[in-house]
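Let me begin by presenting the structure, written as structure tokens, before commenting on it.
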Amino acid sequence: ISIQDRNDEGSLLAVYAQDNIKIGEKLTILPGIRVSNYSVTDKMYFEPRASINYKINDNLRAKGAWGQYYQFANRIVRNDLTSGSRDFWVLSDDETVPISSSEHFIAGLSYETNDFLFEVEGYYKELKGLSEYSLQFSPSFNNVNFDEFFYKGTGHSRGIEFLAQKKVGKFTGWMGYTLGEVVYNFPQYGSNDFFANHDSTHEFKVVGMYKLKDWTFSANWIYATGKPYTQPLGGYSITFPDGSTEDFINIGERNTSRYPNYHRLDLSASYDYSIGKKSKGSINFSLFNLYNRKNIWYKNFEVEEDQLTETNVNLLGFVPSITLSFKLN
């Protein structure tokens, strides 16, 4: 069944300006503005922003930023349990699909030496013009205007990030941790807020690299809280007088369940070589998801003989690869 058959076209013309203002030896302010003309709406969009950096001493700095941002090509979440992961991209027209916008507030501290960098940063983002698409409330008859099922919402994202980095030497790398949340509100789903599909409460990353002559060895490990999803309560089938049948799924509260936690380990080794006197090349060996962790991408739900069946659709497992590259000067 064809639900959406779109051929969107548009152009974006933008200009921006930024200044660098130094007040004394410690304070630096970077004000700026971006102005865009979007052909689909034929309107101008103003995006002011500013950042500030204050040097407390030779190693310690305080920083902050604020900005207004617009997005004209939007990823639309397809909110239907039986559709799986079927998100799609469209150009906003500010009618059926609103132009999304966000206002960012960021503040943090950084401590940096010749060898190391330590940072902590807090952020808050107010989100407007969010879009979702769902046939959850569509009537079961023909001549349906499927554009009616784009829903509009708001939300916010907030959190705190920590970073520790070793910058120089044979062994380099960094560790990062984020504690955050992304919360949406769509009136069509009720007055309660719910976690966005990509919300992850905890995320921890470790990256290490070791240089040995012409070889570079690297490893990275990622661990993250499982993303939320809507758990169905049950399902059933109805047979109509014409002999056709239709499946129905009773759903629970929006995004109150979570997939198992995500984690994987990647390893790689890269060898640099010369081709003649000027040209260079490299060969890379990589092992993606070394221990073949079965991370769930999404779940499929189907009704079979009035029983609800659940199937996990997983992300990539263990994948070895070899890459050869060269540059001719």
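The values are calculated or read from the model by the stated rules, or taken from the named source; none is laboratory data. Everything numeric here is computed off the predicted structure, so don't read it as measured data. Reconstructed Cβ throughout: ideal geometry from the backbone, glycine too, with neighbour counts over all protein chains shown. Note: accessible area is taken over every heavy atom of the protein model, side chains too, but ligands, DNA and RNA are not part of it. Shrake-Rupley method; radii C 1.70, N 1.55, O 1.52, S 1.80 Å.
What's the tally of Lys pairs in segment 1-114 whose alpha-carbon atoms lie under 25 angstrom apart, where the two lysines are 8 or more places apart or on different chains?
5
On a full-extension model of 0.36 nm per residue, what is the gain between Asp242 and Lys152, subtracting their alpha-carbon distance, rounded to one decimal in nm?
Roughly 28.7 nm would be gained on extension.
Taking Cα pairs under 8 Å and at least six residues apart, what relative contact order does segment 1-49 come out at, in percent?
About 33 percent, as a whole number.
Of Arg293, Arg61, Arg264, which has the most accessible area with a 1.4 Å probe, and how do the rest follow in descending order?
Ranked list, largest accessible area first: Arg61, Arg293, Arg264.
Under a point-charge model restricted to the Cβ atoms of Lys and Arg (+1) and Asp and Glu (-1), what is the dipole moment magnitude of segment 201-329 relative to its Cα centre, in debye to the nearest 20?
So the dipole magnitude of segment 201-329 works out to roughly 1600 debye.
Taking 7 Å along the Cα-to-C-beta vector as the label spot, tell me the Ile106-Thr172 distance in nanometres, rounded to one decimal.
About 2.1 nm separates the two model spin labels.
Take every Cα pair under 8 Å in segment 22-136 that's 6+ residues apart, average their separations, divide by the length, and report that relative contact order as a whole percent.
Dividing the mean separation by the residue count of segment 22-136 yields 22 percent.
Which whole-number percentage describes the relative contact order of the chain, with Cα contacts under 8 Å and a sequence gap of 6 or more?
9 percent
Return the single residue from Val183, Val168, Val313 with maximal mean-square fluctuation; model: Gaussian network over the chain, springs between Cα atoms under 10 Å.
The residue with the greatest mean-square fluctuation here is Val168.
Compute the Cα gyration tensor for segment 91-238, then decide on rounded, prolate or oblate, letting a ≥ b ≥ c be the square roots of its eigenvalues: rounded whenever a/c is under 1.5, prolate when a/b is larger than b/c in the other cases, and oblate in all that remain.
Prolate shape, in that a/c is at least 1.5 and a/b is the bigger ratio.
May I ask what percent, to the nearest 5, of DSSP beta bridges between residues of segment 199-259 are antiparallel?
In segment 199-259, approximately 100 percent of DSSP beta bridges are antiparallel ones.
Given +1 on the Cβ of Lys and Arg, -1 on the Cβ of Asp and Glu, and no further charges, what dipole in debye does the chain carry about its Cα centre, rounded to the nearest 20?
So the magnitude is around 2360 debye.
In a shell of Cβ-Cβ distance under 13 Å around Ser39, excluding Ser39 itself, what net charge do Lys and Arg (+1) and Asp and Glu (-1) give?
Once positives and negatives cancel, what remains is -4.
Taking the chain as a Gaussian network, where each spring joins two C-alpha atoms under 10 Å apart, which residue of Ser268, Ser200, Ser244 fluctuates the most?
Result for the chain, Cα springs under 10 Å: Ser244 fluctuates most.
What distance in nm lies between label points placed 7 Å from Cα along the C-beta direction at Leu316 and Asp42?
4.5 nm
Output wanted: per-residue J couplings in Hz (rounded whole) for segment 251-268, from phi through Karplus 6.51 cos²θ - 1.76 cosθ + 1.60, θ = phi - 60°, x for Gly and Pro.
The phi angles translate into 9, x, 5, 5, 6, 9, 9, 9, 5, x, 4, 9, 7, 6, 10, 10, 10, 8 Hz.
Distance from a point 7 Å along Cα→Cβ of Asp306 to each backbone N in segment 218-250: keep the residues under 13 Å and list them by number.
Output list for this probe position: 235-239.
Grab the other residues whose beta carbon is less than 11 angstrom from that of Phe186, score K and R as +1, D and E as -1, and report the net.
Summing Lys and Arg as +1 and Asp and Glu as -1 gives 0.
Which aspartates and glutamates have a Cα lying under 14 Å from the Cα of Lys170, excluding residues fewer than 8 positions away in the same chain?
Partners within reach: Asp115, Asp214.
I'd like the chymotrypsin sites (Phe, Trp or Tyr not before Pro) in segment 257-302 restricted to DSSP loop residues with at most 15 other Cβ atoms within 10 Å, sorted by number.
Those that pass, being in a loop and sparsely packed, are Tyr291.
Between Asn255 and residues 5 or more places away or on another chain, which pairs have amide H atoms under 5 Å apart, with H built 1.01 Å from N, and which residues are they?
Thr230, Gln231
Just the accessible area for Leu328, please: 1.4 Å probe, Å², rounded to the nearest 10?
Using a 1.4 Å probe on the heavy atoms, I get roughly 120 Å².
FRET efficiency for Glu253 and Phe118, Cβ-Cβ distance as r, R0 = 30 Å, nearest 0.05?
Calculated value: 0.15.
Please give the per residue accessible area of the chain, computed with a probe of 1.4 Å over protein heavy atoms only, in Å².
Accessible surface, normalised per residue, equals 62 Å².
Which ³J(HN,Hα) values, rounded to whole Hz and listed in residue order, are derived for segment 94-101 from phi using the Karplus coefficients 6.51, -1.76 and 1.60 in 6.51 cos²θ - 1.76 cosθ + 1.60 with θ = phi - 60°, glycine and proline given as x?
My calculation for segment 94-101 gives 6, 10, 5, 10, x, 7, 7, 9 Hz in order.
What is the sum of charges, Lys and Arg at +1 and Asp and Glu at -1, for the other residues whose Cβ falls under 15 Å from the Cβ of Asp214?
+3
Ordered by residue, what ³J(HN,Hα) values in Hz, to whole numbers, does segment 41-47 give under the Karplus form 6.51 cos²θ - 1.76 cosθ + 1.60, where θ = phi - 60° and Gly and Pro are x?
After applying 6.51 cos²θ - 1.76 cosθ + 1.60, I find 9, 6, 10, 9, 10, 9, 10 Hz.
Hey, rough spin-label estimate for Lys327 and Leu287, points 7 angstrom out along Cα→Cβ, what's it come to in nanometres?
2.9 nm
I'd like the GluC sites (Glu not before Pro) in segment 174-282 restricted to DSSP loop residues with at most 13 other Cβ atoms within 10 Å, sorted by number.
Qualifying residues, ordered by number: Glu253.
Just Lys26, Lys63, Lys294 to compare: in a GNM of the chain, with alpha carbon springs under 10 Å, which one fluctuates most?
Judging by the Gaussian network model, the answer is Lys26.
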